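The values are calculated or read from the model by the stated rules, or taken from the named source; none is laboratory data. All figures in this text were calculated on a predicted structure; none of them were measured in a lab. Neighbour counts are summed over all protein chains in view; Cβ atoms, including those assigned to glycine, are modelled from backbone coordinates with ideal geometry.
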Amino acid sequence: MLEPLFIKATSLSDAWFQTLYMCVEKGRSFTINRGSFEGQKRLEFDFITIHITHPWAVPLLPKVNPALGFPDPVEESYLDDYLPYLMTGEEKQGESYTYGQRICKCDLAWLPDDYKELKEILIQEKEIWEDRQILIEEDGKYFLNQMELMIWTYKNKGHRNNQMILQVGQPSDMVLIDPPCLRHIDTRIQDGRLHFFPYFRSWDLFGGFPANLAAIEMMKQYCAQQLGVENGEIIASSKGLHIYDYVFEIAEAIRGRSMDEFRQMS
């Protein structure tokens, strides 16, 4: 039987430490059959939801006790490089996708040359189709910036709707060797605050979790500022949050236990 779990945390760092501790206790051990790190073992949750009430609290990235002799899971400088991959359409040669390309420069290949013919059957207002921050045109091709569309819609059509979900996943991902782990970031403005609800199909708890959530938090701060609302909470979920076997010893050291104690518990 599946065991869905829930964690309530104050900060991103608190969320990481709590989730790491729980993964060692509750994660199921198995060997990866296909995908990243094929053949390795990992501990993985059946399904977990993490409610972070103050994700803006600094530091955004967790800090490991230096006395343990292990580096922090994510270096501070990493966010400077990672953030453009979430908030812009930047894509390097050889990459099949980036989160930012899917969110901020989504290819609208299905649009006909004369996309204006679709105005009568599409539900979105004409202002969207005329705004080049939302509908980007390059060399006769059209791209959608979902983040700017979300901001425009909340500002111009009110806060109470359930349509503003930033979508990363698409059906064609099924044929990729390594499809995106982040599938979507759902959004809501409640009580004057912008809240984000990211979902990951698979998620590396040790390094990916803190880097992803810190960047998503910075994106949320930007969007809240553009909207003129307060910055809100994050409720993240995944059916594949995990740690790999090469960080078991680090996780145990952070918890204050030895690998021998871990093996006795397993």
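Just one of (1) in contact with an Asp or Glu (Cβ under 9 Å, 6 or more places away or on another chain); (2) basic (Lys, Arg); (3) at pLDDT 95 or above trips up Lys105, so point out which.
(3)
I'd like the residue in the stretch 136-155 that is in a strand (DSSP E or B) and in contact (Cβ under 8 Å) with a residue 12 or more places away in the chain and, out of all such residues, is nearest to the chain's Cα centre (by Cα).
For the stretch 136-155, the residue satisfying everything is Leu144.
Show the residue pairs that are 6+ apart or on different chains and have beta-carbon atoms under 6 Å apart, the first residue being within the stretch 86-110 and charged (D, E, K, R) and surrounded by 14 or more Cβ atoms within 10 Å (Cβ to Cβ), the second being part of a loop (DSSP other than H, G, I, E, B) and modelled with pLDDT of 70 or more.
Qualifying pairs under 6 Å: Glu91/Thr98; Arg102/Val168.
I need a count of the residues in the stretch 148-181 that are over 18 Å from Glu125 (Cβ atoms) and buried (at least 19 other Cβ atoms within 10 Å of the Cβ).
Adding up the residues that qualify gives 4.
Taking strands (runs of 3 or more DSSP E) that fall entirely within the stretch 158-266, which contain at least 2 residues that are β-branched (Val, Ile, Thr) and without any contact (Cβ under 8 Å) to a residue 60 or more places away in the chain?
Counting at least 2 such residues, we get 182-190.
Condition first: at pLDDT 85 or above, out of contact with any Lys or Arg (no Cβ under 7 Å at 6 or more places or on another chain) and outside any strand (DSSP E or B). Can you find one or more residues in the stretch 113-133 that meet it?
yes
What single numbered condition from (1) more than 19 Å from Phe200 (Cα to Cα); (2) under 20 Å from the mean Cα position of the chain (by Cα) fails to hold for Lys41?
So Lys41 meets the others, but not (2).
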